Amino acid sequence: MKPKLLVFASGTKDGGGSGFQKLVEASRSGILGADIVAVVSNHEHGGVRRRADSLGIPFVHSPKGRTADDYRRIARETAADFVALSGWLGFVEGLDPRVTFNIHPALLPSPFGGRGYHGHHVHEAVIAAYKRGEISHTGVTMHFATDRYGDGEAIFFRRRVEIAPDDTPDTIAKKVNEVEHRWQAIITDRVVQGEISWDGKDSATIKGIDIE
């Protein structure tokens, strides 16, 4: 049997969820060797819900104010073996860090991780730092989700995205999103197949690291 993957994707009231959809498509094409059992969003009738309905994936509404028990309950009720955070804005508590992982639209470790650094806020901060001459590139990072928000140590995948002089937060967001879509399913497959793993505590135990 294929591993069961639960996806958390916030999206917005009007859109979002493209990463979730790419994972579903990859699971059906064979790129991702996992069955996606459900997707979770804090927007009951938002973009993620619409994508889930169109794709025939069970949808779970999880409003803000959730606790570690709520996360554990959802994982238990969906019988998930792994949990992928794909544009999830909440801080995850109570889940096994060995099988819970996040994709972040910037390079980690860096100042562009942690609370408040999500979505467009990340890209605005990146462009501001570029204009100050502090950085020349941004990128995509995947890491295991621990009790540290945006953990910069439990990293197993990273790809760089060069910043052009005329880039804006919107254009760099598009570039980063394209890299996310190119790699997320491939690297997620490596995690669910056990090619990328760790003991859940010590980043030195992470195997299968793929950092550019």
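Side notes on the structure shown:
- DSSP bridge orientation in the chain - percent antiparallel, rounded to nearest 5: 40 percent
- Student exercise, the chain dipole from Lys, Arg, Asp, Glu Cβ charges, in Debye to nearest 20: 280 debye
- Structure-based [θ]222 nm, the chain - -39500 (n - 2.57) summed over DSSP H runs of at least 4, per residue, nearest 500: -10500 deg cm²/dmol
- The angle separating the long axis of helix 18-29 from the principal Cα axis of greatest extent in the chain is about 60 degrees.
- In this structure, Arg76 and Lys201 have a Cβ-Cβ separation that, at R0 = 25 Å, corresponds to a calculated FRET efficiency of about 0.65.
- One decimal place: the segment Arg160-Arg98 gains 19.8 nm when fully extended, by the rule 0.36 nm per residue minus the C-alpha distance.
- Multiplying the residue separation of Leu89 and Ile211 by 0.36 nm and subtracting their alpha-carbon distance yields 41.5 nm.
- Measuring gaps between exposed loop sites in the chain (trypsin sites (Lys or Arg not before Pro); DSSP loop; at most 11 other Cβ atoms within 10 Å), the longest gap, sites not included, is 133-200.
- Here, P(r) means the percent of Cα pairs in each 10 Å bin from 0 to the largest distance; for the stretch 89-139 it is 23, 48, 21, 8.
- Cα-projected label distance for Glu44 with Lys174, points at 7 Å along beta-carbon direction, nm: 3.6 nm
- A full extension of the chain between Ser136 and His61 corresponds to an added length of 23.1 nm, given 0.36 nm per residue minus the alpha carbon distance.
- Lysine pairs with alpha-carbon atoms under 23 Å apart, the stretch 1-120, spacing 8 or more or separate chains: 4
- Mean projected area of the Cα convex hull of the stretch 75-187, taken over all directions, amounts to 6.9 nm².
- Projecting the alpha carbon convex hull of the chain along each direction and taking the average yields 11.1 nm².
- Zone of Asp35's modelled label, taken as backbone nitrogen in the stretch 1-21 under 14 Å from a point 7 Å along Cα→Cβ: 1-6
Values quoted throughout were computed directly from the atomic coordinates according to the rules given, and no laboratory measurement underlies them. Remember, it's a predicted structure, so these values are computed and weren't measured experimentally. Reconstructed Cβ throughout: ideal geometry from the backbone, glycine too, with neighbour counts over all protein chains shown.
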